[in-house]
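Colleague: Structure below; questions to follow.
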Amino acid sequence: MTTITTSSEANGNVSAATARAAQQAAQKSQAGRAQPVTLAKSLNTALSDAMAADPSVLVFGEDVGLLGGVFRITDGLTAKFGDQRCFDTPLAESGIVGMAVGMAMNGMRPVVEMQFDAFAYPAFEQIVSHVAKMHNRTRGAIKLPIVIRVPYAGGIGGVEHHCDSSESYYAHTAGLKVYTPATVADGYRMLREAIASDDPVMFMEPKKLYWSKDQVDLEALRAGHEADGGASSEGTAAVARAGTDATLIAYGPSVPTALAAAAAAAEEGRSLEVIDIRSIVPFDDETVCASVRKTGRAVVIAEAHGFASVSSEIVARVQERCFHHLAAPVLRVTGFDIPYPAPKLEHYYLPGVDRILDAVDNLQWED
Amino acid sequence: MTLSTDRSPEHRQGTGSAAEPAGGMDASENEPAVGADLDAPLRFGITAEDYMLPARQQIQMVEPTGLLKATEAQGTQPGHEYQLPSTDVLLDAYRHLVVGRRVNDQNSALVRQGRMAVYPSSHGQEACQVAAALCLSKGDWLFPTYRDSVAVMTKGVDPVQTMTLFRGDWHGGYNPADHQVGIQCTPLTTQLLHAVGVAHAAKLRGEDTVVLAMCGDGATSEGDFHEALNFAAVFHLPVVFFVQNNQYAISVPLAQQSVAPSLAHKAVGYGMAGERVDGNDLVALMAVLDRAVALARGGSGPLLVEAHTYRMQAHTNADDATRYRQDSEVAEWLDKDPLKRMRTYLQAQGLLDDAAESRIAEEAEAVASQLRTGLGEDVPVDPQDLFRYVFSAPTTQLKEQAAMLADELARDAAPQETESAQ
Ligand SMILES: Cc1ncc(C[n+]2csc(CCOP(=O)(O)OP(=O)(O)O)c2C)c(N)n1
Ligand SMILES: [Mg+2]
């Protein structure tokens, strides 16, 4: 496999500063009331706004009440909306999701928090057998507008069971939408869209980006959601950085890394386009393929193990749809096919800027 | 022990600190857990433990022979007294019992004729089926399992729609919201949590909905059973958990699932009341479930009722019960048949004459004939339905796949047209 280097330094996680700089360069800085906002704050604001807008929106899970969640995403919601609308449950993930199913059957819009990626597994049966299937089983009579928020992926020096990239399990399950924001503004926008969706949404939050900041105007985002309910952006990928020579396709925690790689490539005179998938399900083939047809080369980047994963799916789709436009095989930079490593080893595992640039170098350039 | 009254309902929602010791208790007495229902025992003048623990004997009102038991012998003790249901209630229940038995046997025949893919029969458990539906009021919800078709019908769902699941043209044949009946659930005990959620939503809106959630004896070993009981108790929700202990989980007898004194005893661990009832005694079932529903509706929190019954036939038509149980055991239960018992009881009480009996038999026959017709029909299936309901609006990918299948089918049809045109 030519896409992998063993340089420990090269594969290190992209620094927050680099990611921020890249993001800010990509997002033409907004005028008006834009100010530095973290992803955590934009998610928190989205929850609060959704609860204010619709009394059937309920938030529950483990430690989401007084504590505000271990990542503070639900901070202040119990104080603002009362302990009937934002509350702690007993420690039982299947119970949390199963109860959400019943609540949604009976008129509520539950937004539940799984404390960490790997601790959502006890709820897997409820998610796969009921959340995903109820609408189909009842021929559309029963809709389950449930959002299951999952802080996921690594890069935070977390110990075992706190860093899984579990998105492929959910993406593989028909009937679930799977969203993963990579920017602060998308955090707000996409969480509002997820809560407004009549279909269940697995909302995968890259936990290493919780404290990343962008210049964002939350008022404008709120007004934007109220104006069109997310109809314009829901389910679409975004061009995070425009380029002409090759396409980097990434999602969630890998987007800032891809942007940093594109910035570095630019210095070497190579123009890389970065596509932020945002919505894994439904998948925006159009945006992805438009980019690859234009550039003729692509690298897919994901933290998750590559084998039988979302990244494999993207490669297959691009190959099926863009074959005659491709100048080189579509390559991947992904996590190794190993259990998520211990903190001192994770930088070997995570896709980093150098590993991405090596993959780009291997896209059979003529010169 | 006497319970102090200073522990307000708020206390049990877990918003306060852990329970402080009440005055005057000696060391041998345990404080009931936070979350326990403290009003009901007070009302009945008994301790929390005596309220939560099932009565020493299962509740039985009518003997297998059809004889009404003396009140003292019905299994009741202070706080566990049960009212004999009214004549009207019992006659209506008997009517459903007869229909239920006919439906079970009709469906088993339809399976043999290849008209249904599979049917997990509740033959022998019809008293439980009927009581589970009849104890509920309009607007109350029922969450059944694959074995509970008769309960689903008794709650008002059309018989043919009820059996659609087993006919094989869709996963469910009715809209749960029409009669407040969940789709019959196969992943064991997952439906109990849906029951909890429905009750929780209703409670938050201030409605007085009660939810009855059903499962089998084997299913009580599943994790969701425990999570559902605990959630219902902690959130103090009006859910009646109704376990039909028919002695087997496919081939595995109860002794290999649990060594608890009874399944109803499991209630106390979650701070709710449990009760055992003879599951082949429709009179006792109606009495116990009616009271459980009334308590739940009155704000006493969830309850667990275990009905002792027997699966008279194999697990499904695909199972061979002779591999794991003796015919003699089955024969013993023939004498405890719920239908025979109820008929003898009603006749002895002078409540059921021949005319009424034949009216009911006719009604049962009409339902059976409806099933034969409905399930005998070849209902056309629409392959495009495969894509229609996965999401509320099909994704681009599903539209592409739908078009591919449509094209395939069109091409399959095309050569024949060409041939016939020639
Ligand atoms: C989670 C799960 N595991 C296994 C099965 C397969 N299965 C179907 S019914 C059954 C036995 C259940 O026994 P019990 O709960 O006593 O109910 P009964 O069938 O006797 O009514 C099993 C093991 C299942 N449906 N769901
Ligand atoms: Mg059983």
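Colleague: Under Stokes-Einstein, with the Kirkwood radius over Cα pairs standing in for Rh, what whole-number D in µm²/s applies to the stretch B:226-342 at 37 °C and 0.692 mPa s? All intermediate terms of the calculation are to be shown ahead of the outcome.
Modeller: Values: Rh = 15.5 Å.
Stokes-Einstein gives a translational diffusion coefficient of 211 µm²/s.
Colleague: Relative to 2.2 N^0.38 Å, what does the C-alpha radius of gyration of the stretch A:267-344 come to as a ratio? Two decimals please. Walk me through the numbers before you get to the answer.
Modeller: On the way: Rg = 13.7 Å, N = 78, 2.2 N^0.38 = 11.5 Å.
Relative to the 2.2 N^0.38 Å estimate, the stretch A:267-344 comes out at 1.19.
Colleague: Rounded to the nearest 500, what is chain A's calculated 222 nm mean residue ellipticity when only DSSP H runs of at least 4 contribute -39500 (n - 2.57) each, over all residues? Mind dumping the intermediate values first?
Modeller: Values: 13 runs with 128 residues, N = 367.
That calculation yields -10000 deg cm²/dmol at 222 nm.
Colleague: How long, wide and thick is the stretch B:204-260, going by the Cα atoms along their three principal axes, in whole angstroms, largest first?
Modeller: Here the spans come out as 43, 17, 15 Å, largest first.
Colleague: Expressed as a rounded percentage, what relative contact order does chain B have, with Cα pairs under 8 Å and six or more residues apart? Show your work: numbers first, answer last.
Modeller: Working: 705 pairs, mean separation 87.9, N = 422.
Relative CO of chain B lands at 21 percent.
Colleague: Also, quick follow-up: Partner chain Cβ atoms within 10 Å, averaged over the residues of B:188-194 - can you pull that number for me? It would help to have the intermediate numbers written out before the result.
Modeller: Numbers: counts 1, 3, 8, 4, 3, 13, 12.
Partner Cβ neighbours, averaged per residue: 6.
Colleague: Rounded to a whole number of µm²/s, how large is the Stokes-Einstein D of the protein assembly as shown at 10 °C and 1.306 mPa s, given Rh as the Kirkwood radius over C-alpha pairs? Mind showing how you got there, number by number?
Modeller: Working: Rh = 29.0 Å.
Rounded, D is 55 µm²/s.
Colleague: Hey, quick one: spin label on B:D208, modelled 7 Å out along Cα-Cβ, who in the stretch B:286-306 has an amide N within reach, i.e. under 19 Å?
Modeller: B:289-303
Colleague: Provide the packing ranking of A:338-348, B:402-412, i.e. peptides ordered by the mean count of other C-beta atoms within 10 Å per residue, highest first. Don't jump to the answer; show the numbers that get you there.
Modeller: Values: A:338-348: 14.9, B:402-412: 11.5.
Top of the packing list down: A:338-348, B:402-412.
Colleague: Now, a different point. Enumerate the helices in chain B for which the Kyte-Doolittle hydropathy averages 1.0 or more and the C-alpha atoms extend at least 18 Å along the helix's axis, using complete DSSP H runs.
Modeller: Working: long enough: B:87-112 (38 Å, -0.22); B:190-204 (22 Å, 0.81); B:282-297 (22 Å, 1.64); B:354-376 (32 Å, -0.26); B:396-421 (36 Å, -0.68).
Result, helices passing both filters: B:282-297.
Colleague: Here is a follow-up. In Å² (nearest 100), what accessible area is buried between A and B, both sides summed, heavy protein atoms only, 1.4 Å probe?
Modeller: Working: alone 15040 and 19550 Å², together 31200 Å².
It comes to approximately 3400 Å² buried between A and B.
Colleague: Of the cross-linked pairs A:K133/B:K203; A:K80/B:K266; A:K133/B:K399; A:K177/A:K344; A:K143/B:K266, which ones have a Cα-Cα span greater than 28 Å in the structure shown? If you can, show how the numbers build up before the last one.
Modeller: Values: A:K133/B:K203 26 Å; A:K80/B:K266 38 Å; A:K133/B:K399 18 Å; A:K177/A:K344 34 Å; A:K143/B:K266 34 Å.
In this structure, A:K80/B:K266; A:K177/A:K344; A:K143/B:K266 lie more than 28 Å apart at Cα.
Colleague: For chain B, what value does the Rg/Rh ratio take when both radii are computed over Cα atoms and Rh is the Kirkwood radius, given to two decimals? Don't jump to the answer; show the numbers that get you there.
Modeller: Values: Rg = 24.2 Å, Rh = 23.3 Å.
Rg/Rh: 1.04.
Colleague: Could you sort B:196-203, A:218-225 so that the peptide with the highest average Cβ count within 10 Å comes first and the rest follow in order?
Modeller: In descending order of packing, they fall as B:196-203, A:218-225.
Colleague: May I ask you to give the solvent-accessible area per residue for the protein assembly as shown, in square angstrom, as obtained with a 1.4 angstrom probe?
Modeller: Computed with neighbouring chains in place, this is 40 Å² per residue.
Colleague: Another question about this same structure. With each label point set 7 Å from Cα along the Cα-Cβ vector, what nm distance links B:E63 and A:S271?
Modeller: Simple spin-label model gives 9.7 nm for this pair.
Colleague: Give me the Debye-computed log₁₀ of I(q)/I(0) at q = 0.11, 0.14, 0.16, 0.20 Å⁻¹ for the stretch B:110-262, equal point scatterers on Cα only, no solvent, two decimals.
Modeller: Relative scattering, expressed as log10 I(q)/I(0), comes to -0.42, -0.68, -0.89, -1.31.
Colleague: Measuring from the lowest to the highest alpha carbon on each principal axis, how far does the stretch B:95-174 reach, largest first, in angstroms?
Modeller: Projected onto the principal axes, the Cα atoms of the stretch B:95-174 cover 36, 25, 17 Å.
Colleague: Under the definition of partner shielding as Cβ atoms of other protein chains within 10 Å of a residue Cβ, what is the mean value for peptide B:159-172? Please report the intermediate quantities before stating the final value.
Modeller: Values: counts 0, 0, 0, 0, 0, 0, 1, 0, 0, 0, 0, 4, 6, 7.
Neighbouring Cβ atoms belonging to other protein chains average 1 per residue here.
Colleague: How crowded by other chains is B:214-224, given as the mean number of beta carbons from other chains within 10 Å of each beta carbon? Walk me through the numbers on the way to the answer.
Modeller: Working: counts 0, 0, 0, 0, 0, 0, 0, 0, 2, 5, 7.
Mean shielding by partner chains, rounded to a whole number: 1.
Colleague: Over the C-alpha atoms of the stretch A:36-228, what are the Rg and the largest Cα-to-Cα span, Dmax, in Å?
Modeller: Just the Cα atoms of the stretch A:36-228 yield Rg and Dmax of 15.4, 45 Å.
Colleague: Would you mind telling me the antiparallel percentage of the DSSP bridges in chain B, rounded to 5? Don't jump to the answer; show the numbers that get you there.
Modeller: On the way: 3 of 27 bridges.
Within chain B, antiparallel bridges account for around 10 percent of the total.
Colleague: Let me ask something additional. Using packing as a proxy for protection, rank B:220-233, B:167-180 so that the peptide with the highest average count of other Cβ atoms within 10 Å comes first. Intermediate values should be presented prior to the final figure.
Modeller: On the way: B:220-233: 24.3, B:167-180: 17.8.
Answer by packing, highest mean first, reads B:220-233, B:167-180.
Colleague: Sticking with this structure for a sec: Separation between the B:Q384 and B:L334 pseudo-spin-labels, each 7 Å from Cα along Cα→Cβ, expressed in nm?
Modeller: In this crude label model, B:Q384 to B:L334 measures out at 5.5 nm.
Colleague: A follow-up question, please. Carbon and sulfur atoms: what percent of the 1.4 Å accessible area of the stretch B:9-376 do they account for?
Modeller: Numbers: 7100 of 13910 Å².
Summing carbon and sulfur atoms, their accessible area is 51 percent of the total for the stretch B:9-376.
Colleague: Here is a further query. Just grab the label-to-label distance for A:F323 and B:A361, each label 7 Å out from Cα along the Cβ direction, in nm (one decimal).
Modeller: So the two model labels end up 7.1 nm from each other.
Colleague: Once you compute Rg and the Kirkwood Rh from C-alpha atoms, what is the Rg to Rh ratio for chain A? Numbers along the way, then the final one.
Modeller: Details: Rg = 19.8 Å, Rh = 20.6 Å.
Using Cα coordinates only, the ratio equals 0.96.
The values are calculated or read from the model by the stated rules, or taken from the named source; none is laboratory data. This structure is a prediction, so every number in the text was calculated from the model and none was measured. For neighbour counting, all protein chains shown are included, and Cβ atoms are generated from backbone atoms with ideal geometry for every residue, glycine included. Heavy atoms of the whole protein, side chains included, go into the accessibility calculation; ligands, DNA and RNA do not. Shrake-Rupley method; radii C 1.70, N 1.55, O 1.52, S 1.80 Å.
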